[in-house]
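A short reminder: the numbers here are calculations on the coordinates, not readings from a lab. Please read all numbers here as calculations on a predicted model, not as lab measurements. For neighbour counting, all protein chains shown are included, and Cβ atoms are generated from backbone atoms with ideal geometry for every residue, glycine included.
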């Protein structure tokens, strides 16, 4: 007998936004909230992001990560966050495409070259959230 664990489309995510540009950080927060996601925190630099992540009792499902920012850069923060909790999924966003392979090798779920559309970001979030439900189990 086959048991199916179905894909749950458009599952809403708990999201931490890490972005040093105030206007982008606010735009992401507003847009993701309007899509029904829960933005549980925003950080303007790498050190703040690590401290915030450490202090969450329930870790975010998704971390939207910028690369170039004050304090620790996005690669350093990604490494620390995934070491604390490998279940959180990092979506790395940068205009610097030269860091794509390193971000992915550190464990980032995907890389979004800036600028990107909010529709594509939401699509990446949905894929990351739903991937854990794609399972088939033989009994």
Tilt relative to the chain, helix 22-34 - C-alpha long axis, 0 to 90 degrees, to 10: 20
Between 61, 96, 20, which gets the highest mean-square fluctuation from a Gaussian network model of the chain, Cα cutoff 10 Å? 96
Between residue 97 and residue 30, what's the calculated FRET efficiency when r is the beta-carbon distance and R0 is 25 Å? Round to 0.05. 0.40
Using label points projected 7 Å from each Cα along Cα→Cβ, tell me how many nm separate residue 119 and residue 58, to one decimal. 3.2
Between residue 80 and residue 22, take the C-beta separation as r, use R0 = 22 Å, and let me know the FRET efficiency to the nearest 0.05. 0.40
Could you estimate the translational diffusion coefficient of the chain from the Stokes-Einstein equation, with Rh from the Kirkwood formula over C-alpha pairs, at 37 °C and 0.692 mPa s, in whole µm²/s? 215
Angle between the Cα long axis of helix 118-130 and the longest principal axis of the chain, 0 to 90 degrees, nearest 10? 50
Going by alpha carbons, how many degrees (0 to 90, nearest 10) lie between the helix axis of 74-84 and the longest principal axis of the chain? 50
With both bridge residues required to lie in the chain, what share of the DSSP beta bridges run antiparallel, to the nearest 5%? 20
